[in-house]
Each structure stands twice: as structure tokens, then as C-alpha cells.
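Note sheet for the following structure.
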Amino acid sequence: MAGETPYSERSGCPIATTLDLLGDKWSLVIIRDMMTGRRRFGEFERSPEGITTNILADRLKRLERVGIVERRPYQNNPTRYEYILTEMGNGLLPILQEISRWGNRFIPGTWVPPESFMNRKPEELSLPRSG
């Protein structure tokens with residue numbers, strides 16, 4: 001529709017608007033995976049949470065539409081894509097780090113993220129993946 005925005009229009013509240021973009025069960029898990037080096041569809045499918053292919057495809061499209069993720073071809077014939085966090089996506093790193101700290105403090109049995117994730121800075125996510 002003309003004039004439609006990918007962001008929420010239910011409220012100007014930054015919490016409500018952010019939750020409209022990222023508040024589902026899967027989006028932050030996919031972003032976490034991207035921050036830890038996953039870029040391709042099959043890599044996301046192998047996450048321990050077990051996302052289904054249709055949900056994964058839907059979330060990647062939504063994250064791309066709102067500007068958190070950029071899709072780039074890495075193979076032709078057939079064309080296959082990898083997904084890269086944009087500056088907007090990289091800006092979520094401190095939020096995910098704090099969610100991890102909160103979960104580790106208040107939810108028994110949660111995994112402790114590696115120091116390489118917890119000490120990383122958003123600008124370091126833009127660096128090319130080694131290997």
C-alpha cells in the first residue's frame with residue numbers, strides 16, 4: 001500500500017515499535033546467529049532451537065524489509081543468498097549482550113555466551129568473517 005511503513009504505527013513508544021519488529025519468538029535468535037558468524041539459510045536451520053524453514057524464510061524477509069539484514073548472492077545457477085547484518089542490525093549487539101546477562105543472572109541453567117560474543121563491539125561485526 002502507498003505510504004505504508006515497515007514499522008509499527010500503533011504507538012510512538014520506542015519499546016512497542018521495537019517489539020513490533022523483533023518481539024516474535026525467532027527474530028533475535030536469527031540475529032544472534034548472524035552475530036556469531038552464521039550467514040546462510042542452512043546454517044540458520046542448524047541452530048539448536050530448531051526453526052522451521054517456512055518461519056526462517058519469513059523472518060529473514062521481514063528483517064530484510066525493515067533494514068536489519070541485507071541479502072547478498074554468494075552463488076549463481078542456482079542463485080543462493082547469504083544474509084548480512086546492516087548497521088541497524090549491528091546496533092542490536094549491546095541489547096543481545098544485556099539480554100544474555102539478564103538471562104544468566106535470573107534464569108537458572110541458561111548458557112553462558114562466550115567472551116568473544118560478550119566483549120565484542122558493534123563495529124567489529126562488520127569485519128569480514130575469517131576462514
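Please verify whether K61 is surrounded by fewer than 13 Cβ atoms within 10 Å (Cβ to Cβ), free of Cβ contacts under 8 Å to residues at least 24 places away in the same chain, farther than 27 Å from M118 by Cβ and of a type in the set (K, R), treating the condition exactly as stated.
Answer is yes for this residue.
Check off (1) in a loop (DSSP other than H, G, I, E, B); (2) modelled with pLDDT of 95 or more; (3) surrounded by fewer than 18 Cβ atoms within 10 Å (Cβ to Cβ) for N54 and give me the number that stays unchecked.
Only one criterion is unmet by N54, namely (1).
Sort out for me the helices (runs of 4 or more DSSP H) sitting completely within the stretch 61-131 that have 2 or more residues that are more than 16 Å from the chain's Cα centre (by Cα) and farther than 18 Å from S27 by Cα.
Answer list for the stretch 61-131: 93-106, 115-118.
Of all residues in the stretch 10-51, count the ones that are within 20 Å of E82 (Cβ to Cβ), among the polar types (S, T, N, Q) and part of a helix (DSSP H, G or I).
The total comes to 1.
Within the stretch 96-121, how many residues are in contact with a Ser or Thr (Cβ under 9 Å, 6 or more places away or on another chain) and either loosely packed, with under 12 Cβ neighbours inside 10 Å or closer than 20 Å to G67 by Cα (or both)?
Within the stretch 96-121, the first condition is being in contact with a Ser or Thr (Cβ under 9 Å, 6 or more places away or on another chain), and the residues that meet it are 100, 103-104, 110-114, 116-118.
Among the residues that remain, those that are also either loosely packed, with under 12 Cβ neighbours inside 10 Å or closer than 20 Å to G67 by Cα (or both) are: 111-112, 114, 116.
Adding up the residues that qualify gives 4.
The values are calculated or read from the model by the stated rules, or taken from the named source; none is laboratory data. Here the structure is a predicted model, which means the values were calculated and not measured. Counting neighbours? That spans all protein chains shown, and the Cβs are built from the backbone with ideal geometry, glycine included.
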